[in-house]
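Colleague: Below are the structure tokens for one structure; questions will follow.
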Amino acid sequence: MDEILTKALNVVIIVFMVSAMLDCGLSLTLRQIFEPLRNIRLVISSAVASYVLVPLIGIIISKLLGLAEPLKIGLVLFSMAAGSEAGPKVVGLAKGNVGLSVGLLVGQLGVTIIYIPLLLSLFLPEVQFDHGKLLLKLCATVVLPTCTGLFVKARYGKMADRLSPYMRRISSISMLILAVSILVLNYKGILRLFGSGAIGAALIFFAVSFLVGYLLGGPEKADRRALAIITGTRNTAISLMIASQMFDDPNELIMIIVMVVMMVITLLPLSLYLGRRTAQQQIKV
């Protein structure tokens, strides 16, 4: 039974990833993507934060808290997966620069598929995996659906608008199925994480990552919030896909699930608070 669920879980992860990336492409125009990227300083700040500082934060936290090797791998892998599919939505809740977050999201997705295999070799040299196979899977599940969505949006805008809600619904349902399946398969392992340092590591990781993005966001409040959230959030679909299909130890996948849960618990309320605070300030003015 567990073997059947495990195989089904891999299929659900791919469905979630493809539908989420397709919806991302269907929801965007090329102008929305490229216009915010003219701010070179913010683009460079985002790249440094997402691809250098945040992975280093993950490694330092895992070593300081003495996480077990599978938990360390899960945390570091999650820290590498820049380009959260939910980033622009959360930025909107925080009243940040949504246009900037959209441009950074697409740019990060393009870089992430090339960068993750390189980062894994650099930061986790003890982990052995097939680089070519990983790159091929990322291209098939990230690049192809995103580019397909962008093409449909550019050529057939009305069709894209009709398809996007369905893709969003499929990704939401598959994410729910994914969460339930992982809990059923690994609930004992999740319970064992209490006292392992995993929860504390996740809290520290998101707090420091958010702060780093905020400090690098420049003088504009909306830009600071956008960069803080884009830096603090990671791509759930990519990290889950790699953990489930490239590594054998279920604790790596469980650690990523813990990170996703803590990401929602910490950053979503914070974004709602920032957005409400901005709205109140605007009313007073």
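Each value in this text was obtained by applying a stated rule to the coordinates, not by laboratory testing. All values reported here derive from a predicted model rather than from experimental measurement. Cβ: placed from backbone, ideal geometry, glycine included. Neighbour counts: every protein chain shown.
Colleague: What is the ratio of the Cα radius of gyration of the stretch 2-276 to 2.2 N^0.38 Å, where N is its residue count, to two decimals? Provide the component values of the computation, followed by the final result.
Modeller: Working: Rg = 17.6 Å, N = 275, 2.2 N^0.38 = 18.6 Å.
Its radius of gyration relative to the 2.2 N^0.38 Å reference: 0.95.
Colleague: For Val143 and Leu203, what is the calculated FRET efficiency with R₀ set at 25 Å and r taken between the beta-carbons, to the nearest 0.05? Could you put the intermediate results ahead of the total?
Modeller: Values: r = 33 Å, r/R0 = 1.32.
Given R0 = 25 Å and the Cβ-Cβ separation, E is 0.15.
Colleague: While we're on this one: Could you work out the local net charge near Glu85, counting Lys and Arg as +1, Asp and Glu as -1, over the other residues with Cβ closer than 15 Å to its Cβ? Let's see the in-between values first.
Modeller: Working: positive: Lys89, Arg168, Arg169, Arg234; negative: Asp23.
Local net charge: +3.
Colleague: Test of understanding: what is the full-extension gain from Lys158 to Arg31, defined as 0.36 nm times their sequence separation minus their Cα-Cα distance? Each step should come with its number before you reach the end.
Modeller: On the way: separation 127, 0.36 × 127 = 45.72 nm, distance 1.70 nm.
Net length gain for the segment: 44.0 nm.
Colleague: Between beta-carbons, use under 13 Å as the cut-off and find the net charge around Pro269, counting Lys and Arg +1, Asp and Glu -1. Write out the running numbers ahead of the final one.
Modeller: Working: positive: Arg276, Arg277; negative: none.
Result for the neighbourhood of Pro269: +2.
Colleague: Sticking with this one: Return the distance in nm (one decimal) between the two label points of a simple spin-label model at Ile114 and Glu69, each offset 7 Å from Cα along Cα→Cβ.
Modeller: In this crude spin-label approximation the distance works out to 3.2 nm.
Colleague: Report the net charge of residues surrounding Asn39, where surrounding means a beta-carbon distance below 14 angstrom and charges are Lys +1, Arg +1, Asp -1, Glu -1. List each step's numbers first, then the result.
Modeller: Working: positive: Arg38, Arg41, Arg224; negative: Glu35, Glu220, Asp223.
Net of charged neighbours comes to 0.
Colleague: Here is a follow-up. Looking at the chain, identify the longest residue range that excludes and avoids all GluC sites (Glu not before Pro) in DSSP loops having at most 16 other Cβ atoms within 10 Å.
Modeller: Longest stretch, sites excluded: 1-125.
Colleague: For Asp249 paired with Val11, estimate the spin-label separation in nm (one decimal), with each label point 7 Å from Cα along the Cα-to-Cβ line.
Modeller: 3.0 nm
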